[in-house]
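Each reported figure results from applying straightforward, stated rules to the coordinates on display, with no laboratory input. These numbers were taken from a predicted model, which means no experiment stands behind them. Here the Cβ positions follow ideal geometry from the backbone for every residue, glycine too, while neighbour counts run over all protein chains shown.
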Amino acid sequence: MIGDDDMMSVTSATKKIEIAELAGALAAGIARAACFPVLCGSATKLIGIDRLARFLVEEAPAPTVGDGEPAAIVFKTIVDSYVGHVNYFKVLRAR
């Protein structure tokens, strides 16, 4: 993966890269913010959403990583006649 010189020097003619090796390098690259995988899907047609959720759970860094106070951002507020104001928020950092 990006930044892994040993992985980059391997060619298909010399050695086959194992799936576990590749997965480890990808996870390390994501944790270092050295690579950013792109996943495609369609929320309206429910295509690839299960894979996206599984990928986030298995490979994305936990929001508890890092120091500091918890942080969240409200990205949408709706008014419901039964409940009142409902805020949708994204957790940026948790304890």
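Classify region 21-83 as rounded, prolate or oblate from the Cα gyration tensor: take a ≥ b ≥ c as the square roots of its eigenvalues, call it rounded if a/c is under 1.5, otherwise prolate when a/b beats b/c and oblate if not. Taking the square roots of the gyration eigenvalues as a ≥ b ≥ c, region 21-83 is oblate. The packing ranking, built from the mean of other Cβ atoms within 10 Å per residue, places the peptides 16-28, 69-81 in the order 16-28, 69-81, highest first.
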